[in-house]
Every structure is written in C-alpha cells, then in structure tokens.
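A quick write-up on the structure given underneath.
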Amino acid sequence: MHVKGIESWDLAYDGRQALHRTEDGSELYYELRGAGGPVVTLVSTIYVVSTAWRNFTGNLAGDHRLLSYDLRNQGASDGRPAEFAQHTEDLKSLLDDLGIERTYLVGTSISTLICRDFANAHPERVAGLVLVGPPFSPRGSSRRRRIAKSWLAALDAGGPRALFDLIYPLVFGDKAIAEGGSGAYLALRERFLAINSAAQLRANLREALGAGDQVERLTSIEAPTLLLSGDDDFSTTESTLDATAEIMRNAAVEIIRECGHLPYFEQPEAFQDAVARFVASVEEGTFPAPWTAPATEGKDR
Amino acid sequence: MSTPATPLTDEELVLERLVALLEHVAADVLEGPVTDTGPGSLRRLGLTSVKLLEFLVAIEDEFGHVWDDDVEESVIGSLDAMAAHISAAGVAPAPTKRD
C-alpha cells in the first residue's frame, strides 16, 4: 500500500446506488459494473463496504461483470439483524432479482463464510470461489471466534473508534502501516466511523459469532476454490491454507507477498491478477493442477 | 463613525486558511463555498477518503503540522475543531503557495 495508492481510494456513496428489497423487507445496496464476461460477485465484510471494491477492481471490470453489495446492517443497506445464515439467503435473493444464474464469489475475511455456506446451499449457482484471508481451518474456527469476541468487546467498551484501533494494525500489513503513516490511519478511521454505526457493527459481529464452524462445510464444496492470502495476514498462515486445500475437493492456494489481511487494499494489481487467472482457468477447464502464481507475485508492481 | 474591526484570533486565522485550503483541494467536488464550520462540518461535506487524505496532507504542507494517531476523531470531522487543534499546537500559518 503506497500513499499514492491510498489517495485514489473512494468509499463514497455517490448516487450510483440501487436497492434490492428482500422478502423480509430489508434493503440491500448494490452496484453492478463491467461491460461483460463472467459475473464475479464481491461479498463485502464488516470493514469493507461495497463501494470500496470500485478501487480494487478497475482491471477486472474490463472483462468481467462485477456485482458488489452491502450486507444487511452494513453501509447503505438496512434490515433487521438476523442469524448469520440469512446472509446466504440475502445473496440468493439478490442474484435471483438480477437474473444472475451463475457467478464466481469473492469473499474476504468473515464473508468467506457466507461464500462457503452459499456454495453448499446452492452449488449450481457457483462457478468458483475466491476466498481471501479465510479465517477457517481444518481445526475449526475457535481462533476466529475468539478474535470476533475481542472485537465485540472493544466495540462495547469504546465504540467504533476502539474497534477501528483494534483492527487497523491487524488487518493491514507491516509495510502498509509504515508507508501510510498517520495520514492514512486518520483518513481511513474517519471514513470507517462515518460509514459504520455502532449498531450496524454490533449486529454484524454478533451474526459472525453465530456462524457455524463445521469443517465438513469445507469438504463438501464442489466449486473450484482459490484460497488467497497475504503473507502478513493475522488470521491465517500458508500452512493452514495448505491444510485447508488438502481437505477440500478442488482447491489451490496462492500467497501474495508483503501484504496483510486485505490484499486488494495493499496489492490490488496482484489481487486482480489472481482473480482473473483463477476465473480464466476455471472457464478453460484447467483449474487447478498445477496452480502456479507468477514469479513476480506480490512484488511492487 | 465606524469602529475598527476586531482583529481575528490565531484560531480564527487558522480557520480562514483551512477553509481556503479545503476549497482549493476539493474544488472539483464541492458545490460551493464552505460556509459551515460547526461540529461535524467536514463529515457533512461528504468528502471521499481521497479528498480527506489530500486535505490532511495539504494541511501538513501548509502549516508544517504533523498529524499523529492520537488526534481525537472530532478534530478530523470538523473544521473549527481542526483549527483549534492546529492553533493549540502552536504552528503559524505559512505563506500560501496556492495560485
């Protein structure tokens, strides 16, 4: 993450929005971009709203249709708090409404669990999965749950500011934090506080705590899956991802160097390249063996 | 007989410069002059993260003020709070280099 890159970030809701109404009356904000090609649905997470994806997917938009949306109780979406499983039904409802029969899903952090559950519930709708910084492992997700509890405790004790201060040094890598300095920290903190209410964050964290940890949900996924992570990710390791790929039916691992939990923020070119290569390989029927990342992967480019 | 205008305080001078600086940095997104300087004024302008970061960097250049992580969130959300913060830090407005 270079300061020059940060200056191009745009998290604003600027009137390009559309709203999808779910069966229970919730309204989900979404954006559909890109001229054509395979549909790639970008599933937001607690600290990444739908608008953020514009900044990290400019290259992908050239030959993919990109759908991003805010989860219920996030960003410009509203809705009643619900069980975590409701996110799966929300996604199906949105895809149905837009007439999208089949899509690639890109999940990040907690939203990889939504992708996991959706792929199990509606395998015919999923062309492939890119799971970025997934917090699960063959050993279950007790670590992920303890982290979520600590985030909820920080939110309860000190509000969104305390939560942001806790997650900022976790989700960004050492290099990004050093190069971004206080300016990036303050600007991102201000946008985080402006976009996320305490009630929304609390609802999302509580829903995430309710997400099931069953390892069998990984082993039953039929869709080709790319497990993608930064090498400075606080929530997983290359060995954990390798072990996860081992128990999955059709998965590969790719590590992006010198970035943390959110590779699309810190290495957007490498992230988009990985997604594009994955989609192309699935479309061509060559995924996964052998899955090899470019020799220049993760370098400054 | 007119009475002489009351001289502006340091904080008011800083605020004037901040408003001018913001209008310069965000000229392409602002719909008009910045007139609201109360609590939450910056947030209400709806600046993107792009513009907010550019503004913070421009302030460092303009005032020789170095931001640190411990700045209260209200300072980053309001022009008047920002002016008070910069003024209290004891940095004098530098001559403007803008056009």
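The values are calculated or read from the model by the stated rules, or taken from the named source; none is laboratory data. Worth saying up front: this structure is predicted, and the values here are computed from it rather than measured. No Cβ is skipped: glycine too gets one built from the backbone with ideal geometry, and neighbour counts run over all protein chains shown.
Observations on the structure shown:
- Residue match in segment B:33-45 (condition: assigned to a helix (DSSP H, G or I), at pLDDT 90 or above and within 14 Å of chain A (Cβ to nearest Cβ)): no
- Scan segment A:139-159 for residues that are surrounded by 15 or more Cβ atoms within 10 Å (Cβ to Cβ) and closer than 20 Å to A:T219 by Cα and the total you get is 3.
- Test: B:L21 is at pLDDT 85 or above and away from chain A (no Cβ under 13 Å): yes
- Test: B:D28 is within 14 Å of chain A (Cβ to nearest Cβ) and part of a loop (DSSP other than H, G, I, E, B): yes
- Reported count of residues in segment B:57-69, each being facing chain A (nearest Cβ under 9 Å) and either more than 23 Å from A:P169 (Cα to Cα) or assigned to a loop (DSSP other than H, G, I, E, B) (or both), is 5.
- Any hit, segment A:195-211, residues being of a type in the set (A, V, I, L, M, F, W, C), within 12 Å of another protein chain (Cβ to nearest Cβ) and crowded, with 17+ Cβ neighbours inside 10 Å: yes
- Only a single item in (1) modelled with pLDDT under 85; (2) at positive phi is not met by B:G64, and it is number (1).
- From A:T244, A:T225, residue being crowded, with 24+ Cβ neighbours inside 10 Å and touching a Pro at 6+ places or on another chain (Cβ under 9 Å): A:T225
- Criterion violated by A:K4 - all others in (1) modelled with pLDDT under 85; (2) in a helix (DSSP H, G or I); (3) surrounded by 15 or more Cβ atoms within 10 Å (Cβ to Cβ) satisfied: (3)
- Unique residue being touching a Cys at 6+ places or on another chain (Cβ under 9 Å) and surrounded by 22 or more Cβ atoms within 10 Å (Cβ to Cβ) when the list is A:F136, A:F172: A:F172
- B:E54 at pLDDT below 80 and within 14 Å of chain A (Cβ to nearest Cβ): no
- Counting only helices (runs of 4 or more DSSP H) that sit wholly inside segment A:140-218, those with at least 1 residues that are within 30 Å of A:N120 (Cβ to Cβ) and touching a residue at least 40 places away in the same chain (Cβ under 8 Å) are A:142-171, A:198-209.
- Subset tally (residues that are modelled with pLDDT under 90 and either within 14 Å of another protein chain (Cβ to nearest Cβ) or over 20 Å from the mean Cα position of the chain (by Cα) (or both)) for segment A:25-49: 4
- Screening segment B:70-79 for residues that are more than 7 Å from chain A (Cβ to nearest Cβ) and in a helix (DSSP H, G or I) and picking the one that is surrounded by the fewest Cβ atoms within 10 Å (Cβ to Cβ) gives B:S74.
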